[in-house]
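Report on one structure; see the data block that follows.
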Amino acid sequence: IADDHTVVREGLVSLVKRKSDMVIVAEGRNGREAVDLWKEHRPDVALLDLRMPEMDGVSAIKEIRELDPNAHIVVLTTYDGDEDIYRAIKAGAKAYLLKDTARDALVDCVRKVHAGETYLPAPLAAKLAERVSGHALSAREVEVLQRMAAGKSNKEIGAELFISEGTVKTHVKSIFTKLDVVSRTEALATATRRGLIQ
């Protein structure tokens, strides 16, 4: 189990310890520890938070999956943005759960992932489907969006990215279209909700 919140981590350990068919082999406080502990213990299932210090959950998943493409990893997080779900599943997570998941559902998920199954609750599966079928932002559009979130003007964004102000305006217009919004404020709210920016 890797989670930077001690209370959450201890709660998960306590929950798992009550199950006769499960045992905790290690606890990590960040993504770097998660990878190091995974190398040392090679657990049947790893339970990772998505946003942790030193290395985020997606980066940890990628490193673990490089070591073992069959690693069974469950993401347990508070973030339900379609981009968060997409990135975790693309990196190799076998399941994605929110921290408000019922205890029995969490335990059931761990057992399913251990058995080689994938697990994605219907509402999250719907968000993932929307993300996959929708219009994804390009890498450049995400860069523009991140600078918009920092309060930069089109001129300032252009200077930082070494592109013209007109090109920035074209990217902003494309972002608005893809996110189905009409203003910067709405674009930033939508992008934050979807996990495109943090």
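The values are calculated or read from the model by the stated rules, or taken from the named source; none is laboratory data. This structure is a prediction, so every number in the text was calculated from the model and none was measured. With ideal geometry, Cβ positions are generated from the backbone for all residues, glycine too; neighbour counts draw on all protein chains shown. The area values use the complete protein model at the heavy-atom level, side chains included, leaving out ligands, DNA and RNA. Shrake-Rupley method; radii C 1.70, N 1.55, O 1.52, S 1.80 Å.
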*Which one is nearest to Asp100 (Cα to Cα) among residues in region 24-61 that are open to solvent by 30 Å² or more (accessible area, probe 1.4 Å) and in contact (Cβ under 8 Å) with a residue 40 or more places away in the chain?*
Arg51
*Any residue in region 87-95 that is modelled with pLDDT under 95, surrounded by 14 or more Cβ atoms within 10 Å (Cβ to Cβ), over 24 Å from Ala115 (Cβ atoms) and among the hydrophobic types (A, V, I, L, M, F, W, C)?*
no
*Single residue of region 151-198 satisfying the filter (outside any helix (DSSP H, G or I) and over 27 Å from Ala88 (Cα atoms)) that is most open to solvent (accessible area, probe 1.4 Å)*: Phe162
*List, please: which pairs have Cβ atoms under 6 Å, are six or more places apart or on different chains, and start with a residue in region 1-23 that is of a type outside the set (Asp, Glu) and end with one that is assigned to a loop (DSSP other than H, G, I, E, B) and surrounded by 11 or more Cβ atoms within 10 Å (Cβ to Cβ)?*
Ile1/Glu27; Arg9/Ile1; Arg9/Asp3; Arg9/Glu27; Leu12/Ile1; Val13/Ile24; Val16/Met22; Val16/Ile24
*For the subset of region 121-145 comprising residues that are open to solvent by less than 50 Å² (accessible area, probe 1.4 Å) and among the aliphatic types (A, V, I, L, M), which member is farthest from the chain's Cα centre (by Cα)?*
Val144
